[in-house]
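A.B. asks: Supplied in structure tokens, the structure appears directly below.
The values are calculated or read from the model by the stated rules, or taken from the named source; none is laboratory data. Keep in mind the model is a prediction, meaning the values are calculated, not measured. Methodologically, a virtual Cβ is constructed for each residue, glycine included, from the backbone with ideal geometry; neighbour enumeration extends over all protein chains shown. For accessibility, only protein heavy atoms count, side chains too; no ligands or nucleic acids. Shrake-Rupley method; radii C 1.70, N 1.55, O 1.52, S 1.80 Å.
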Amino acid sequence: MRILLTNDDGIHAEGLSVLERIAQSISDDVWVVAPEVDQSGLAHSLTLSEPLRLRQVAERRFALRGTPTDCVIMASRKILDRKPDLVLSGVNVGANLADDVTYSGTVAGAIEGTLQGVRSMALSQAYSHSVGATVPWDVVEAHAPALIGRLMRVDLPDGTLINLNFPNCAPDAVAGVEVTSQGKLEIGLSIDERLDGRGFPYFWLRFGERSGDFRSGTDIRALRDNRISVTPLKLDMTDYTVQERIARALLKGTAA
């Protein structure tokens, strides 16, 4: 099985090294195409106004000055002589839950793999954001290989990817695996205004405390309960429940 790895934290990220060890425990045909620098929060973006600079780091390992989406496209269309059988994106520093999947470059890597017709999974490791906290990489490294193997046997429809989130606990404290839906998080962003050395203003987006929907069955609740969250996501964003309602409203307007 040929496995393509990418991420949004960059070619030197510790989570990518973790993902390489996970993939190498599954297959000996593992390729890495990852961003040259951190691309967190860029979602499913393409680089269209600048050239893509490719650098070979080692055998089957490449750094691209571009986004995770660019990396998967470059791997599938240029670097590899055939498409991979599996795309793994991550392992992200921090969970990608609920509404945050729309911002996530990690999830975007899996989205692009799915668009390329390849089974794809995004992996993220939760951790405490307090000062001095460490990321418990041993959780995802202990549990991901067997979980990926089981998920490879699932018959997925076209246009569906899998979002995996691993809880912030010790590996032996994981309470199980739960198939979840996306929860809902209140936006916790604020704008921090500062002055540079010449007195001109500049701004940082700052994450603050966030409240969320902790209902049973959601990805947020699963991680809070020390369970691995497995969320199937669809590329088709059509709201079929509203189609008929809109059609009736437009029909009435035409009749009037």
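A.B. asks: Which of the residues that make up region 15-38 are farther than 11 Å from residue 92 by Cβ and not aliphatic (A, V, I, L, M)?
C.D. replies: Filtering region 15-38 for residues farther than 11 Å from residue 92 by Cβ gives 17, 20-38.
Residues satisfying the conditions are 17, 20, 21, 24, 25, 27, 28, 29, 31, 35, 36, 38.
A.B. asks: Using the structure shown, decide if residue 128 is modelled with pLDDT of 95 or more and hydroxyl-bearing (Ser, Thr, Tyr).
C.D. replies: Values: modelled with pLDDT of 95 or more: no; hydroxyl-bearing (Ser, Thr, Tyr): yes.
So residue 128 does not fit the description; no.
A.B. asks: Moving to a separate point now. Do we find that residue 188 is within 30 Å of residue 151 (Cβ to Cβ) and either at pLDDT below 95 or within 21 Å of the chain's Cα centre (by Cα) (or both) in this structure?
C.D. replies: Values: within 30 Å of residue 151 (Cβ to Cβ): no; either at pLDDT below 95 or within 21 Å of the chain's Cα centre (by Cα) (or both): yes.
No.
A.B. asks: Here's another thing I want to ask about it. Just to be sure I understand, how many residues within region 101-137 are surrounded by 19 or more Cβ atoms within 10 Å (Cβ to Cβ) and under 22 Å from residue 235 (Cβ atoms)? Spell out how you get there, then give the answer.
C.D. replies: Of all residues in region 101-137, those surrounded by 19 or more Cβ atoms within 10 Å (Cβ to Cβ) come to 101, 104-114, 118-126, 135-137.
This time we only want the ones that are under 22 Å from residue 235 (Cβ atoms), so: 101, 104-114, 118-124.
Qualifying residue count for the region: 19.
A.B. asks: Counting residues that are of a type outside the set (S, T, N, Q) and farther than 23 Å from residue 121 by Cα, which strands (runs of 3 or more DSSP E) fully inside region 147-256 reach at least 1? Step through it out loud before you land on a result.
C.D. replies: On the way: elements: 160-166, 177-179, 189-195, 201-207, 228-234.
Because the criterion is at least 1 residues that are of a type outside the set (S, T, N, Q) and farther than 23 Å from residue 121 by Cα, the strands (runs of 3 or more DSSP E) in region 147-256 that meet it are 189-195, 201-207.
A.B. asks: Do we find that residue 170 is within 18 Å of residue 128 (Cβ to Cβ) and either touching a residue at least 24 places away in the same chain (Cβ under 8 Å) or over 17 Å from the mean Cα position of the chain (by Cα) (or both) in this structure? Outline the logic, then answer.
C.D. replies: Working: within 18 Å of residue 128 (Cβ to Cβ): yes; either touching a residue at least 24 places away in the same chain (Cβ under 8 Å) or over 17 Å from the mean Cα position of the chain (by Cα) (or both): yes.
Yes, satisfied.
A.B. asks: I need the strands (runs of 3 or more DSSP E) fully contained in region 1-99, keeping only those with at least 3 residues that are open to solvent by 50 Å² or more (accessible area, probe 1.4 Å).
C.D. replies: On the way: elements: 2-6, 29-35, 54-58, 61-64, 86-93.
Strands (runs of 3 or more DSSP E) meeting the threshold: 54-58.
A.B. asks: Here is a further query. Assess whether residue 200 counts as being aromatic (Phe, Trp, Tyr) and either more than 26 Å from residue 46 (Cα to Cα) or in contact with a strand residue (DSSP E or B) (Cβ under 6 Å, 6 or more places away or on another chain) (or both).
C.D. replies: Values: aromatic (Phe, Trp, Tyr): yes; either more than 26 Å from residue 46 (Cα to Cα) or in contact with a strand residue (DSSP E or B) (Cβ under 6 Å, 6 or more places away or on another chain) (or both): yes.
Criteria met by residue 200.
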